[in-house]
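A short reminder: the numbers here are calculations on the coordinates, not readings from a lab. What you are looking at is a predicted structure, and each value in this text was computed from that prediction instead of being measured. Here the Cβ positions follow ideal geometry from the backbone for every residue, glycine too, while neighbour counts run over all protein chains shown.
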Amino acid sequence: MTSKRPGLTWSLIAIVGFLTLCPVLMLLLGSFSQGLTAFGQFTTAKYVVAYTDPYLLEVFGNTVIFVLGSTVFATLLALVLAYLNTRTNIPCKSLFTVLSIVPMMIPHLLFSVSWALLLNPSNGLLNLVLKDFLGLSASPFDIYTLEGMILVEGLLNMPIAYLIIAPAMASFDGALEEASRVGGAGVWRTLWRVTLPVLRPAILAAFVLGIVRSLASYAVPRVLGMPGRVDVLATYLYEMISTGFAPDYGQAAALGMSVLSVSIGLIVLYRALTASGDKFVTISGRGYRPSVIELKKARLPLFAAISLLSLLMVVLPVAVLLYTSLVPYSMVPSAQAFAAMNWNHWIEVLQDPTSLLALRNSLFLAVVGATLGVMLSLFIAYVVVKIRTRAAGLLESLSFLSFSFPGIVIGIGFMWFFVQTPLYATLTALLLAYIATYLPYGVRPLASAFVQVHAHLEESSLVCGAGPLTTFRRVIVPLVVPGIVSAWILMATMFVRELTVSVVLSRPGSEVLAVQILNFADDGLWGKLSALGIVMILISTGLVLLAACAGRHFKGMRAG
């Protein structure tokens, strides 16, 4: 039997507790501090000022509409796509895989920027095309609105909702629907009275998680909301600490505590919903058989609609960035535009000292940060899966706590901590904040890998005289290489594209790619922005390919 190893468990609890609870504690203390950027006399004045601001009511209303609107849109779209993919005879179902995976590789910042390039009212490419084609005097669309924000955020959150709903839909026993139809109910009544109630836990889980993601969203409100003067809580908090002669971090912390409390409560609700899924099981040992619904004449029109959605979510964002990086200014695609293409924006970006520094910093944080994060996640996952004690349960809860932290809020908490130390405005501060924020992305795949490793293998090594550390290094680790590779890929790509924590902690000298891209967007330098955005996508793709090759190499060595 695996020993309890209390020393390892409590050491990890101390490390993870520091990373996850420290910013929350600093956020709480800062909200009661009289000082602007340092601790002073404790007071509740920050809460009074923050919550009596007349503008807060408008911000709160915008936030509710944005969060609920984008979440409803994402959940309904995911529900329709999951139903078409798992229950109907729609052709080319591989498109659904593309829709559910590939968009998650496109950073939210670049996805938002691509829609700004397409539909901004001054020179958006689609607006220019429609104005020329229809002879309009004004742009027909304005992406810098609350409706535009809801559209883009909903498209970004749809893949996550789909990944939650589709498995539940695929495992639904079609005999229940058939029994309803035999009883005289129509298709819509069966869907409303039978299908949706059984899928309720998955739908509610997707909806709650969508609310959490939308509440924490910063890229879409920053790129599309701020130009149109549509503030939500995320951008309101950022403006509170970035504008004015003396930013008041305490006031932002006071407001951030409410956002953090709501987000944590929603995550608790999400875990409760996913844990209660067994109450709605419809597949047992008795003859389960999935049914396929014939779409008949609607088959091709629905396929065309899915193809258009794939174009909007996968092809168009990357294509518009590439096109904009090559043309001298916003031009309608034409023979003249293609003749004017050049590499000037690329050359300017690659010769820009700040962009090169941001590139080096992001690569350093991705490689070093992901490596350190995976090493920590490896021990955490081992303790959580193999050492089943109350302390291990506490460690699991702490390691997944940061999943509920909105990036802009926890960034303020880290700001309160680092401003008291020499780490302020350094890459080390970003490194620690990244690992703390994205630790669940390392623990989750490694925990799944450890579940598949039987305890007898470890016991055999110990019986043969190997020590615990040697057993872990020579026996356990080689068996979970696929999980290590998956964790490293996830963390590295997250670190390359990270924005919300970076925008609070990054300072001159510690710029990263996402912050530099955001600076280009604020200055209207769309060509440079697009070139640097393509570089970010290429780096993320390269890291994935590199890690995959390393995983195959180590698996080959193990097999040999």
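Peptides 355-365, 148-158, ordered by how many other C-beta atoms sit within 10 Å of their residues on average, highest first, read 148-158, 355-365.
Simple spin-label estimate for ALA170 and ARG271 gives 2.6 nm between the two label positions (7 Å along the Cα-to-Cβ direction from each Cα). Per-residue Karplus couplings for segment 49-55, computed as 6.51 cos²θ - 1.76 cosθ + 1.60 with θ equal to phi - 60°, are listed in order as 5, 5, 8, 10, 5, x, 6 Hz, Gly and Pro entered as x. Enclosing the Cα atoms of segment 344-420 in their convex hull gives a volume equal to 147 cubic angstrom per residue.
For segment 1-153, count all C-alpha to C-alpha pairs, find those more than 19 Å apart, and express that count as a whole percent of the total. Across segment 1-153, Cα pairs with separations above 19 Å total 77 percent. Quick check: Cα centre of segment 481-552 to Cα centre of segment 367-396, how many Å? Segment 481-552 and segment 367-396 have Cα centres spaced 25 Å from each other. Distant-in-sequence amide contacts of ILE293, defined by a placed amide H-H separation under 5 Å and a gap of 5 or more residues or a different chain, comprise THR88, ASN89. Taking 0.36 nm per residue of separation and subtracting the Cα-Cα distance, full extension of the segment from LEU357 to ILE293 would add 17.5 nm. With θ set to phi - 60°, apply the Karplus curve 6.51 cos²θ - 1.76 cosθ + 1.60 along segment 331-342 and write out the HN-Hα couplings as whole Hz, x wherever there is a Gly or Pro. Here the 3J(HN,Hα) series is 9, 5, x, 7, 4, 5, 5, 5, 5, 8, 4, 7 Hz.
Hey, for a label at MET341 modelled as a point 7 Å past Cα toward Cβ, could you say which residues of segment 123-154 have their backbone N under 19 Å away? Within reach of a label on MET341, which here means backbone N under 19 Å from a point 7 Å along Cα→Cβ, segment 123-154 contributes 125-126, 129.
For segment 22-27, backbone phi angles converted through the Karplus equation (6.51, -1.76, 1.60; θ = phi - 60°) give residue-by-residue couplings of 4, x, 5, 5, 5, 5 Hz, Gly and Pro being listed as x.
Gain in length, SER448 to SER397, computed as 0.36 nm per residue apart minus the alpha-carbon separation, to one decimal in nm?
Computed gain between SER448 and SER397 is 16.8 nm.
Cβ-Cβ distance of LEU479 and LEU134, R₀ of 45 Å, FRET efficiency by 1/(1 + (r/R0)^6): the value works out to about 0.15. Each other residue within a Cβ distance under 13 Å of PRO328 adds +1 if Lys or Arg and -1 if Asp or Glu, for a net charge of 0. Take 110-122, 135-147, 391-403, 485-497 and order them by the average number of nearby Cβ atoms within 10 Å per residue, most first; the result is 485-497, 110-122, 391-403, 135-147.
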